[in-house]
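Here's the structure, in structure tokens; my notes come after.
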Amino acid sequence: MKAKPLILTVVFIVIAACAFAIWQEHAQRKTKVQAEARAHELLQAKKSYESLELASLAAYTKYYFENPEAQFTAAKELIALTEGADPKVWQYMDWGTYNAEIYARASLSAQLTERKAEAEEFRKLAVLAWLKRKSWDSATQQMTAITPTPEFEQSDHELFTYISRWDQIVREKKTPEKTEDEIAAYRAQLNDAVADEVRARRAQRQKSAETK
């Protein structure tokens, strides 16, 4: 009689172990499927971003290397391209950072052509976008808003100092012999440098916030 409860206990343990193994396998399969879907989603987002960059190249070239009036026209072209971009782009590129740069350049070029009202409006849009930018959180493996949110005036100074600096670097590197491919290659290097600069600045701000 004592053997029966023991057998039932063993059977129960075996069933429970099998059920757990099946559940674990299902969970692992589900996680794998989700990871593959996410990877595919990011790949599509990257392709959309690269299409936006390719479409923007001609306008960027005009913005950097032509006269002020052409620069302003190019800046508006960049805004139109960005506003009409595939929404998937913002799964790969931070919306706040990208749009802040676009509007900041529109503001600077409007200022050069003495369009004061438009320069002020674009400047406001640029700073508002800059305030919405996000940074990569390695703990959660996702983009998160920068906290605490900087003051508007502080962000205005930070953004326009940064944009003016990099625009100057690009223009100083121009030579008459540069081809479109060389300009594109240099701009890609510049984007990497800008990204490094932004990441370093964010890390420094985060470290400062943690020590307060």
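Taken over the range 79-126, the criterion of being touching a residue at least 24 places away in the same chain (Cβ under 8 Å) and of a type in the set (D, E, K, R) is satisfied by 86, 88, 94, 101, 105, 115, 123. Residues that are within 18 Å of residue 153 (Cα to Cα) number at least 1 in the following helices (runs of 4 or more DSSP H) confined to the range 61-136: 95-112, 116-131. Filtered by the rule that a residue be of a type outside the set (S, T, N, Q), in contact with a helix residue (DSSP H, G or I) (Cβ under 6 Å, 6 or more places away or on another chain), touching a residue at least 24 places away in the same chain (Cβ under 8 Å) and surrounded by 16 or more Cβ atoms within 10 Å (Cβ to Cβ), the range 47-78 gives 49, 52, 63, 64, 72, 74, 75, 78.
Considering the range 114-130, and only residues there that are over 22 Å from the mean Cα position of the chain (by Cα) and of a type in the set (Gly, Ala, Ser), the residue that is least open to solvent (accessible area, probe 1.4 Å) turns out to be 119. Mind listing whichever residues of the range 80-95 are among the polar types (S, T, N, Q) and under 12 Å from the mean Cα position of the chain (by Cα)? Matches in the range 80-95: 91 only. Taking (1) under 16 Å from the mean Cα position of the chain (by Cα); (2) open to solvent by 70 Å² or more (accessible area, probe 1.4 Å); (3) not aliphatic (A, V, I, L, M) in turn, residue 111 satisfies each apart from (1).
The values are calculated or read from the model by the stated rules, or taken from the named source; none is laboratory data. Computed from a prediction, not measured in an experiment: that's the story for all the values here. Reconstructed Cβ throughout: ideal geometry from the backbone, glycine too, with neighbour counts over all protein chains shown. Ligands, DNA and RNA are excluded from the accessible area calculation, which covers all protein heavy atoms including side chains. Shrake-Rupley method; radii C 1.70, N 1.55, O 1.52, S 1.80 Å.
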